[in-house]
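The values are calculated or read from the model by the stated rules, or taken from the named source; none is laboratory data. All of these numbers come straight from a predicted model, not from anything done at the bench. Glycine also receives a Cβ, built like all others from the backbone with ideal geometry; neighbour counts cover every protein chain displayed.
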């Protein structure tokens, strides 16, 4: 076993939304300080969120680690902390070796400078020494295929030329530990292949690499081990095949639970506060077998007595077709019921075997049908019905829904 | 604040810490003052590249390039000589007014333009700041240093101009580098505060023209500090540029008394400003990447 070169313990990062002076004006900050001088020391009522929560991991020398997760799951924040661009709020990390980070292509490029000047400047900003750049300069230029234009200011470059030069400089960075964020998707197809090839060379060259990408193909080609971050937390840390299949199964757009953010406070008569999906065992889930019932739970608040209102739900398939609609008055045979002020929790169940395999989203609305809409939660909650346990996948049948209907078959005794 | 040690930590927190040659420990920021001079030294080549970039871009962008650097203080000097020297007949410590004024304008131009550059440097480099790590202090330092190229050209012209008036340098000219250092430190002492504030608050840049205008009037650029009553001289010297400009004029021409009380007050003031500026900049450094 080779030695660990990156160790982190409980790395967390909190961002503030409502910073003092969040207007970004010194004038406002000073005015606030003058009005209430002690507010400088008060930090309680600022809204915060955790971009990264308690992430502990270890990366060994020579390992190529992939980092996947939805947008906003904390991948880039983790890379920024490891490359020291931003500081963690809690926890620590220890890194043994020189770190190079490629968080964008063309870091530090200046349009007025020539290709040659920019290669030196960008190389230095990325952490190369002057002699090192000088030594690799010819290789950089030929990798970028820009021999003829290297002394032209880059403001005259086409975007393709610009990206080629930028990547060529980055590709010749040879730190002991390389942190790469989504830079593979640049240039035309041929150049992308060349970039991927270069990444493969770097990976095989015994360097330690952490690679963030949405390109699961690239991840599975280059990495042995993958970490999956979800909502800032480390969700899975295992061999590449296992993580990628789990990740794909979950479907990164599917979310089992939605709670109205504290900052979002509509003043209507009705406020839907949360929508969630649960499997029969009562766990939040966004992945259901074909024969499993889907339970939806809706919490809402009535702030003023209403003579007629329904809490209605639409289930949409991936093409946006409404597969079914249902409401909290269905079982009464009416379309709306009077509502008294208070907090409520409502639930309904879509029977197992009803929905065809596929992805679905859930829209919830509090409304008086065709008259007035009090509150709507657009598809924040989504789920997937798998082919497992569904007959539809066995015989490839068609249809928006896949209920197993009861058939009665008797011997025909009349027409003999 | 992350710390860099050239040796592996003595007691590694996780059992098998390898004896790497270069270990970084990343932790939440703590304390007000953590200056990593060693790390700055490690990044000296990047400092050089930032200065090089500034200078190169500046001369590429202006059509007349170097000529502008010469013309700007020269034209200001001519106009000032006409109005303040000829018409207002301001005293000029026994020097021809144009020499007196030019000798004040060269260090003053360095100061005002560098202060502007240092204030803007963090905001102008926000893309790089959010994508790559390097000690952020390099940016204001590079902005303060890149103004020295303009200064050197201006100084050369001034030196020739002074010689043309038959004023020959004395041993006092050896003090020019010392006074220049004091000017650089003044730029940093004030600029570190302003550049961090400018990154945090969008309205700081509107303050700069006012600060510079105010400061010009409070400095002995066009008039002699001898006009300030003796008992208030030390107070006047709390403006560090008063000491720098007075000293610079004396060092170049060797005329008049060597500045003492003004200069001492200036040096003390600069040291306070630099220490405070470093602490403030360091404190804000961590959140700059999160805010810009």
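Just so you know, in segment B:257-266 the residues that are in contact (Cβ under 8 Å) with a residue 24 or more places away in the chain and surrounded by fewer than 16 Cβ atoms within 10 Å (Cβ to Cβ) include one that is farthest from residue B:236 (Cα to Cα), and it is B:258.
Name every residue in segment B:122-167 that is in a helix (DSSP H, G or I), closer than 30 Å to residue A:98 by Cβ and without any contact (Cβ under 8 Å) to a residue 24 or more places away in the chain, in order of residue number. Hits for segment B:122-167 are B:124, B:127, B:128.
At least 1 residues that are at positive phi and assigned by TED's automatic domain parsing to the domain that holds residue A:307 in each: list the strands (runs of 3 or more DSSP E) lying fully within segment A:321-384 that qualify.
Details: elements: A:322-327, A:337-339, A:342-350, A:358-368.
It comes to A:342-350, A:358-368.
Grab the helices (runs of 4 or more DSSP H) fully contained in segment A:44-161, keeping just those with 2 or more residues being in contact with a strand residue (DSSP E or B) (Cβ under 6 Å, 6 or more places away or on another chain) and either away from every other protein chain (no Cβ under 14 Å) or farther than 21 Å from residue A:207 by Cβ (or both).
A:75-82
Residue B:188 meets each of the listed conditions (1) at pLDDT below 90; (2) closer than 24 Å to residue B:58 by Cα; (3) buried (at least 20 other Cβ atoms within 10 Å of the Cβ) apart from (1). Can you work out which of the residues in segment B:222-239 that are at pLDDT below 90 and buried (at least 21 other Cβ atoms within 10 Å of the Cβ) is farthest from residue B:187 (Cα to Cα)? Checking each candidate, the answer is B:236. Any residue that is without any contact (Cβ under 8 Å) to a residue 40 or more places away in the chain, surrounded by 19 or more Cβ atoms within 10 Å (Cβ to Cβ) and at the interface with another protein chain (Cβ under 10 Å from one of its Cβ atoms) - is there at least one of those in segment A:166-175? Checking segment A:166-175: not a single residue is without any contact (Cβ under 8 Å) to a residue 40 or more places away in the chain, surrounded by 19 or more Cβ atoms within 10 Å (Cβ to Cβ) and at the interface with another protein chain (Cβ under 10 Å from one of its Cβ atoms).
Note on segment A:203-242: residues that are more than 18 Å from the chain's Cα centre (by Cα) and surrounded by fewer than 19 Cβ atoms within 10 Å (Cβ to Cβ) amount to 11.
Residues in segment A:293-319 that are outside any strand (DSSP E or B), under 16 Å from residue A:401 (Cβ atoms) and modelled with pLDDT under 90: A:318, A:319.
When you go through A:80, A:53 one by one, which is the residue that is under 22 Å from the mean Cα position of the chain (by Cα) and free of Cβ contacts under 8 Å to residues at least 40 places away in the same chain? Before the answer, list the steps.
Details: A:53 fails: free of Cβ contacts under 8 Å to residues at least 40 places away in the same chain.
Going through A:80, A:53 in turn, the sole match is A:80.
Screening residue B:181 against (1) over 19 Å from residue B:283 (Cα atoms); (2) crowded, with 16+ Cβ neighbours inside 10 Å leaves a single unmet condition, (2).
Beta carbons closer than 7 Å, at least 6 apart along the sequence or on distinct chains, pair a first residue in segment A:403-416 that is closer than 30 Å to residue A:289 by Cα with a second that is not in a loop (DSSP other than H, G, I, E, B) for A:404/A:391.
From the list B:188, B:197, B:182, B:207, which one is in a helix (DSSP H, G or I), within 14 Å of chain A (Cβ to nearest Cβ) and under 18 Å from residue B:273 (Cα atoms)? Just one listed residue meets the conditions, B:197.
I'd like the residue in segment B:210-220 that is more than 14 Å from chain A (Cβ to nearest Cβ) and part of a helix (DSSP H, G or I) and, out of all such residues, is farthest from residue B:289 (Cα to Cα). Reasoning before the result, please.
Step one: filter segment B:210-220 for residues more than 14 Å from chain A (Cβ to nearest Cβ), giving B:212-220.
With the extra rule that they be part of a helix (DSSP H, G or I), the set shrinks to B:212-217.
Working: B:212: 28, B:213: 31, B:214: 32, B:215: 31, B:216: 33, B:217: 36 Å.
Looking at the filtered set, the residue picked out is B:217.
Of the residues making up segment A:7-42, those that are at positive phi and modelled with pLDDT of 65 or more number 2. Residues of segment B:255-292 that are more than 14 Å from every other protein chain (Cβ to nearest Cβ) and over 21 Å from the mean Cα position of the chain (by Cα): B:255, B:256, B:257, B:258, B:260, B:261.
Using the structure shown, decide if residue A:70 is buried (at least 16 other Cβ atoms within 10 Å of the Cβ) and modelled with pLDDT under 80.
Working: buried (at least 16 other Cβ atoms within 10 Å of the Cβ): yes; modelled with pLDDT under 80: yes.
So residue A:70 fits the description; yes.
For residue A:280, are the conditions met, namely being closer than 20 Å to residue A:364 by Cβ and at pLDDT below 90? Before you say what the answer is, go through the steps one by one.
Working: closer than 20 Å to residue A:364 by Cβ: no; at pLDDT below 90: yes.
It is false that residue A:280 is closer than 20 Å to residue A:364 by Cβ and at pLDDT below 90.
If you go through segment B:97-131 and keep only what is within 14 Å of chain A (Cβ to nearest Cβ) and farther than 23 Å from residue B:197 by Cβ, you end up with nothing.
The set of residues from segment B:57-82 being surrounded by 18 or more Cβ atoms within 10 Å (Cβ to Cβ) and within 10 Å of chain A (Cβ to nearest Cβ) comprises just one member, B:58. The combined condition, being within 14 Å of another protein chain (Cβ to nearest Cβ) and in a helix (DSSP H, G or I), is not fulfilled by residue B:86.
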